[in-house]
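*Asks:* Pasting a structure below so you can have a look.
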Amino acid sequence: MTSTDRSSLYAALEEKLGYSFREPTLCETALTHTSWMNETHETDRSDNERMEFLGDSVLALAISDILMRRYPEHSEGELSKARSALVNEAGLALVSEALSLGQWIFLGRGEEQAGGRQKRSLLSNALEALVGAVYLDGGFAAAFQVVERLFQPALTDMPATAARDFKSRLQEVSQASLQLAPSYTVIAEHGPDHDKTFEVAISLGDKEYGRAQGKSKKEAQQNAAERALAALQTERRIS
């Protein structure tokens, strides 16, 4: 990659980020994989591992702030599950792929031949490093704006179960209050094979706590778990 190519690629990346680096070397460091350093032995730059360490914390804080504001009715456990779904390796790799981040990363020849530009672990680490670079260059407010911009599609499309998993919550409550695990039973299936509706009942011990329908077994279980959780919480308050 020539210096001219590098400059034009950075400009395209900055446009996608919605942020222009005042100190371009920070961006360059964030995009430098350790394999590049091992092969080139350059002395005027470092790899992105330390910046990745910083970016991991900045990213977690920014996502936590966004989720707190967007979902004021959700519990700490629900918010933790949602954050984990967004900032785990798979979630970060999806955002990196949307950025086409792989094309900007400086890789050693061996890593390049091994398909490094498509590796999820490498892409997610580079994204964290890039967030760290924005933080160092422009402060937390700038990093927050970049994170909010990059994760907007994921936040918008985030499944309800990532932010509000009634099955997990019911498991926690029932184990703590009754020392029982929920039992899910499909009690009916309605409609043709291409358009089925499932009905699921939930029992704790020998008592049914809720039943609901859904277009898939998973959806029916979540809907039934929501009803069972409400019934269990009402019962506990009464008793």
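*Asks:* Which one of these does Leu86 not meet: (1) more than 14 Å from the chain's Cα centre (by Cα); (2) at pLDDT below 90; (3) crowded, with 23+ Cβ neighbours inside 10 Å?
*Replies:* Just one mismatch for Leu86, condition (1).
*Asks:* Please determine whether any residue of region 133-140 is out of contact with any Cys (no Cβ under 8 Å at 6 or more places or on another chain), free of Cβ contacts under 8 Å to residues at least 24 places away in the same chain and either over 16 Å from Ala30 (Cα atoms) or in the same structural domain as Ala82 (by TED's automatic domain parsing) (or both).
*Replies:* For region 133-140, residues out of contact with any Cys (no Cβ under 8 Å at 6 or more places or on another chain), free of Cβ contacts under 8 Å to residues at least 24 places away in the same chain and either over 16 Å from Ala30 (Cα atoms) or in the same structural domain as Ala82 (by TED's automatic domain parsing) (or both): present.
Residues are listed down the side, and each one gets a yes or a no for (1) hydrophobic (A, V, I, L, M, F, W, C); (2) under 23 Å from Ala142 (Cα atoms):
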site	(1), (2)
Met37	yes, no
Arg50	no, yes
Leu59	yes, yes
Met68	yes, yes
Ala98	yes, yes
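*Asks:* Quickly run through region 112-122 and pick out the residues that are in contact with an Asp or Glu (Cβ under 9 Å, 6 or more places away or on another chain) and either in a helix (DSSP H, G or I) or among the β-branched types (Val, Ile, Thr) (or both).
*Replies:* The answer is Arg117, Gln118, Arg120, Ser121, Leu122.
*Asks:* Turning to a different aspect of this structure: Looking at Leu79, Leu99, Leu123, Leu127, which one is more than 19 Å from Leu13 (Cβ to Cβ), among the hydrophobic types (A, V, I, L, M, F, W, C) and surrounded by 14 or more Cβ atoms within 10 Å (Cβ to Cβ)?
*Replies:* Leu79
*Asks:* When you look at Arg22, is it under 22 Å from Glu111 (Cα atoms) and either β-branched (Val, Ile, Thr) or modelled with pLDDT of 90 or more (or both), yes or no?
*Replies:* no
*Asks:* Still on this structure: Quick one: would you say Ser57 is of a type outside the set (A, V, I, L, M, F, W, C) and within 18 Å of Leu150 (Cβ to Cβ)?
*Replies:* Yes.
Residues are listed down the side, and each one gets a yes or a no for (1) surrounded by 13 or more Cβ atoms within 10 Å (Cβ to Cβ); (2) touching a residue at least 60 places away in the same chain (Cβ under 8 Å); (3) under 22 Å from Tyr19 (Cα atoms):
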{"position": "Glu42", "(1), (2), (3)": "no, no, no"}
{"position": "Glu52", "(1), (2), (3)": "yes, yes, yes"}
{"position": "Gly91", "(1), (2), (3)": "yes, yes, yes"}
{"position": "Glu111", "(1), (2), (3)": "yes, yes, no"}
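*Asks:* Now a separate question. If we only count helices (runs of 4 or more DSSP H) wholly inside region 16-78, which ones have 3 or more residues that are β-branched (Val, Ile, Thr)?
*Replies:* 49-70
*Asks:* Output the qualifying pairs, or none if there are none: Cβ atoms under 9 angstrom, residues six or more apart or on different chains, first residue in region 1-19 and outside the structural domain of Leu31 (by TED's automatic domain parsing) and at pLDDT below 55, second residue loosely packed, with under 14 Cβ neighbours inside 10 Å and of a type outside the set (S, T, N, Q).
*Replies:* none
*Asks:* Among the residues of region 170-194 satisfying the criterion of being among the small types (Gly, Ala, Ser) and in contact (Cβ under 8 Å) with a residue 40 or more places away in the chain, which is surrounded by the fewest Cβ atoms within 10 Å (Cβ to Cβ)?
*Replies:* Here the residue is Ser177.
*Asks:* Out of all the residues in region 195-220, which are buried (at least 18 other Cβ atoms within 10 Å of the Cβ) and in contact with a Phe, Trp or Tyr (Cβ under 9 Å, 6 or more places away or on another chain)?
*Replies:* Those that are buried (at least 18 other Cβ atoms within 10 Å of the Cβ) and in contact with a Phe, Trp or Tyr (Cβ under 9 Å, 6 or more places away or on another chain): Val200, Ala201, Ile202, Ala220.
*Asks:* Closer than 30 Å to Phe166 by Cα and polar (S, T, N, Q): does that describe Ser75?
*Replies:* Spelling it out, Ser75 is indeed closer than 30 Å to Phe166 by Cα and polar (S, T, N, Q).
*Asks:* Can you say whether Ala181 is under 13 Å from Lys167 (Cα atoms) and either among the acidic types (Asp, Glu) or in contact with a Gly (Cβ under 7 Å, 6 or more places away or on another chain) (or both), as far as the supplied structure shows?
*Replies:* Against the criterion (under 13 Å from Lys167 (Cα atoms) and either among the acidic types (Asp, Glu) or in contact with a Gly (Cβ under 7 Å, 6 or more places away or on another chain) (or both)), Ala181 does not qualify.
The values are calculated or read from the model by the stated rules, or taken from the named source; none is laboratory data. It should be emphasised that the depicted structure is a prediction, and the values quoted were computed from it without experimental measurement. Positions of Cβ are generated from backbone atoms using ideal geometry, with glycine treated the same way; all protein chains shown enter the neighbour counts.
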